[in-house]
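Engineer: Here you go, one structure.
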Amino acid sequence: MKVILLQELRGRGGEGDVITVADGFANNYLLRQGIAVRATKGELKQLEQRRGAIAKREEKRIADAEALKAQLDSTVVPIEAQVGEEGVLFGSVTAPIIADAIQATLGVEVDRKRIELKNPIKTAGEHEVAISLYREIKAIVKLNVQSAEGLAAEAETEVEAEEETPVVEEAAVEAEEEATEEAAE
């Protein structure tokens, strides 16, 4: 059966696409959930009239997904977990935990179903996880899984590094000023 999609159907197409699916899938799922309508002559004519609006919405969705991808790619998301000896976790880090950590860190809501996690994370350390944002646009998020003590120690190290940076810059400026004074004499 041919249907017109009213919204994105992962792996099949986006809004306005005409696809062929099994009759049972169309009748029992797509049509009942309002995801698609039958591709009749009247619906196809209406679709042609709406093509411009659909293209604008599609451009906006792609732009939003690209902006979110840039934000996610450049961030390391800390995740607190109970870590035993040798870096093995008590339990595991799953997609809902990752989605909550991204929400807490960036204030961005990510659907847990779009997090591509083959197996739950069971070891501490740095891990990379792919997130499908829209169609073929995927972001790679770096996760830093550590115990509460490890994250606190890492935060202290970052604060100390920020405090030392101005001192080093001030010393460089003073040395530069002295060199120009000596050169002037």
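Engineer: So which residues in the range 121-143 are closer than 15 Å to Q82 by Cβ, open to solvent by less than 70 Å² (accessible area, probe 1.4 Å) and in a strand (DSSP E or B), if there are any at all?
Structural biologist: I121, T123, G125
Engineer: The conditions are (1) in contact with an Asp or Glu (Cβ under 8 Å, 6 or more places away or on another chain); (2) open to solvent by 50 Å² or more (accessible area, probe 1.4 Å); (3) among the aliphatic types (A, V, I, L, M), and I62 fails exactly one of them. Which is it?
Structural biologist: Status for I62: all satisfied but (1).
Engineer: Among the residues of the range 34-56, is there at least one that is assigned to a strand (DSSP E or B) and among the hydroxyl-bearing types (S, T, Y)?
Structural biologist: no
Engineer: Quick check: is even one residue across the range 34-45 under 30 Å from K142 (Cα atoms) and surrounded by 16 or more Cβ atoms within 10 Å (Cβ to Cβ)?
Structural biologist: Scanning the range 34-45 turns up no residue that is under 30 Å from K142 (Cα atoms) and surrounded by 16 or more Cβ atoms within 10 Å (Cβ to Cβ).
Engineer: For L106, are the conditions met, namely being closer than 10 Å to V141 by Cβ and open to solvent by less than 70 Å² (accessible area, probe 1.4 Å)?
Structural biologist: Taking the combined requirement at face value, the residue satisfies it.
Engineer: Is one or more of the residues making up the range 66-73 surrounded by 14 or more Cβ atoms within 10 Å (Cβ to Cβ) and touching a Pro at 6+ places or on another chain (Cβ under 8 Å)?
Structural biologist: Taking every residue of the range 66-73 in turn, none turns out to be surrounded by 14 or more Cβ atoms within 10 Å (Cβ to Cβ) and touching a Pro at 6+ places or on another chain (Cβ under 8 Å).
Engineer: What about I54, is it in contact with a helix residue (DSSP H, G or I) (Cβ under 7 Å, 6 or more places away or on another chain), surrounded by 11 or more Cβ atoms within 10 Å (Cβ to Cβ) and modelled with pLDDT under 95?
Structural biologist: no
Engineer: How about the range 2-20: which of its residues are without any contact (Cβ under 8 Å) to a residue 24 or more places away in the chain and assigned to a strand (DSSP E or B)?
Structural biologist: G13, I19, T20
Engineer: Before we move on, is Q146 touching a strand residue (DSSP E or B) at 6+ places or on another chain (Cβ under 8 Å), farther than 30 Å from G14 by Cα, open to solvent by 50 Å² or more (accessible area, probe 1.4 Å) and modelled with pLDDT of 65 or more?
Structural biologist: no
Engineer: Sticking with this structure for a sec: Please count how many residues of the range 60-87 are farther than 30 Å from R135 by Cα and part of a helix (DSSP H, G or I).
Structural biologist: 3
Engineer: From (1) under 21 Å from Y134 (Cα atoms); (2) of a type outside the set (S, T, Y); (3) outside any helix (DSSP H, G or I); (4) open to solvent by 60 Å² or more (accessible area, probe 1.4 Å), pick out the condition that doesn't hold for F90.
Structural biologist: Result: F90 fails condition (1) only.
The values are calculated or read from the model by the stated rules, or taken from the named source; none is laboratory data. A quick note: this is a predicted structure, and the numbers were derived from the prediction, not measured. Backbone-built Cβ (ideal geometry, glycine too); neighbour counts: all protein chains shown. Quick note on the areas: whole protein, heavy atoms, side chains included, nothing else; ligands and nucleic acids left out. Shrake-Rupley method; radii C 1.70, N 1.55, O 1.52, S 1.80 Å.
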